[in-house]
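A.B. asks: Quick one: the structure is below, questions incoming.
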Amino acid sequence: IASVDNVYIQNYLISMDGKNETSQEMHSSEESNVAVNKLNDIPEALQEIKKHLGDRAAENIRERIKVEEQKKLNQSEDVDRAGHKQKSEDTEKLAVKKEETALETGNQLIPTPLAHIPLESLMEIETELVYTDEEGISFEFTEPVVSTSTQSACQDSKEADALSAPQGNAVPQIDERLQRTLREGSTCYRQNDYTTAAEKFSTALQLCSKGAVTDNPFESSPEDISSITSFIDTKLVMCYLKLRRPDDALNHSHRSIILNPAYFRNHLRQAAVFRYLERYSEAARSAMIADYMYWLTGGTEQHISKLIKLYWQAMIEEAITTAVSFSVMYTPSVKKIKADKIKKVKDLFAEKHPDYMEHIYTDLRGLHILPQTAEWPSLHPQKYLLTLGFRNKRLGKILERCLSKKMPIFLDRKVPFSPVTQEETKSYWDNTGNKIVPVMDFIRSTKLTDDLCAYSRGVEHLHYASLLGRLHRVKEQSQVINQAMAELATIPYLQDISQRDVNQLRLLMADAMDTLEGKSDNGRVWNKIQKIGLIEDYLYEAEDNYLKNKRQRTARMEKNKMKRTQSREQQHQSLGNTKLSLTSLEDTTTQQIRNLTL
């Protein structure tokens, strides 16, 4: 299966350019107007979207184009272009002014938290969206069957489900043996015989590894093969969750995303596994991506999106509640905050969280999105500035140093590029690493993209995996590498990336596969990135030490100056006392001479 996975990854790497173009056309960023206009001017772009994501996604883009055209028409009828521009600028200035006023008064419009979501509600959401037996998937049956026994969510979101499947004029015909095995597995799953169902789906994966995927594998596209295999992996996630085997479920959830990142249920099932493992920050991020993917691939049912957002919100609440070393505050922000406003935000945080004032850090790598106000079709959703406070000053400073760099790699060597013993690595991990990683995971739980580096999240996981490798924790290292690959595979759908970033993603994916296969570390792009990050870290540390020494020297100079001043004052005071003594002695002597004379 591992060898076949390598072929699938190679197919993914080959097709990444097309996925990047799709993301560039569909991503709802601040440049969405430009993208929509391009689609309006170049009809062929819709055909490209249709090819990768299907008719519903293309229709979704057409609707956005119509909305944009109608908006332009209304604008031309009501006001002229100059007036509209001035009005937009005035609106933005007013919003900025309100934000500044709120900072001055400390009366922040902190988002109103949703009511606490009980465990029963989470289980209901998982039953409806995670454990749904997708009988209607086009790969499981030659003729799609409409489910009558599953929840209504399967019916509501079947259009979005279909978009995750390969598109074309005809559905690819599954190999007869594979189709029979999938039917048997689904039957066992519906009968709650999860052990047998897992065995059947594992057998299905073995058939795929032998090439038994479609009736004519030589004419099948890589997307068809990847999507079919991803569908089997996501079935195994459901079975292993039911069997309370979260480690196996986690591995298959990563694989399902690597092979088919556009399917929102793959991300949601990954979130369910993270919740089971009590890794709530990572569960929140997976739920956030699931909600975005649901909209991106044409999902229109508000009920489905609402449930995903509730799940996302619940995971954030759990992450904040279980956090011990830090606390957080979200501040509504119209745009990136200026340096002179950061102090006001930190003062407000200190007022609200007095127990976490040892070190206060405001994330300036980009704004955050919360589920209460996340509306993906909106071109300008409400965004927030994240401020964190720590009980441990050292931990906060290390985290700030990591996030201030393009590559979030933290230093674990005392001497540059010196070999590190396992004992030193273990000590560093126990004292620092395992405290930093959860905070970085939480920061990502409300940030869809990174402004500084598109693939920084993947780099975080690869760096984490390298630490686990030096600790000889092979099983955990394998899981983290698969998680890094899932993150890298999802990036082209989340934001516009350059051709250079595409090449970096390919190289990082290839490096991850080589690591899983136990190949040599020589010549890997990850090693070069890590070395650059270490050099950057050493330069940062040298600068920090220089400034620290400079401050110490300045303090010593001030102290010595103060001592000299005090010494001179004491000398002046002593001299003055001496003069007074001499004057008194002179007066006494004069009086005695007078007395003798008399």
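A.B. asks: Full-extension gain between ARG245 and LYS338, please, as 0.36 nm times their residue separation minus the C-alpha to C-alpha distance.
C.D. replies: 28.7 nm
A.B. asks: In nm, what is the difference between 0.36 nm times the number of residues separating GLN206 and SER567 and their Cα-Cα distance?
C.D. replies: Taking GLN206 through SER567 to full extension adds about 121.3 nm, to one decimal.
A.B. asks: To continue, here is another question. Could you sort the peptides 548-559, 265-276, 322-333, 477-488 by per-residue average Cβ neighbour count (10 Å cutoff), highest mean leading?
C.D. replies: My ranking of the peptides, most packed first, is 265-276, 477-488, 322-333, 548-559.
A.B. asks: Within 10 Å, count the other beta carbons around each residue, average over each peptide in 237-248, 437-448, and list them highest first.
C.D. replies: The densest-packed peptide leads the list: 437-448, 237-248.
A.B. asks: Sorted by mean Cβ packing within 10 Å, highest first, what order do the peptides 119-132, 174-187, 288-301, 579-592 take?
C.D. replies: My ranking of the peptides, most packed first, is 288-301, 174-187, 119-132, 579-592.
A.B. asks: While we're on this one: So for the pair ASN503, ASP193, with labels modelled 7 Å out along Cα→Cβ, what separation do we get in nm?
C.D. replies: With each label placed 7 Å out from Cα toward Cβ, I get 5.5 nm.
A.B. asks: Measuring with a 1.4 Å probe in the full set of protein chains, what accessible area per residue, in whole Å², belongs to the range 448-566?
C.D. replies: I get 51 Å² per residue for the range 448-566.
A.B. asks: Further question: Simple spin-label model, 7 Å along Cα-to-Cβ: THR578 to THR127 in nm?
C.D. replies: Distance between label points: 9.7 nm.
A.B. asks: Using 0.36 nm times the number of residues separating ARG473 and VAL420, minus their current alpha carbon distance, what extension gain do you get?
C.D. replies: Computed gain between ARG473 and VAL420 is 17.5 nm.
A.B. asks: Of the listed pairs LYS393/LYS528; LYS309/LYS531; LYS344/LYS393, which have alpha-carbon separations greater than 29 Å here?
C.D. replies: Beyond 29 Å: LYS393/LYS528; LYS309/LYS531.
The values are calculated or read from the model by the stated rules, or taken from the named source; none is laboratory data. In this text, all values refer to a predicted model and were calculated from it rather than measured experimentally. Note that each Cβ is placed from the backbone with ideal geometry, even for glycine, and that neighbours are counted across all protein chains shown. The protein model used for the area step is the full one, side chains on, heavy atoms only, and it has no ligands, DNA or RNA in it. Shrake-Rupley method; radii C 1.70, N 1.55, O 1.52, S 1.80 Å.
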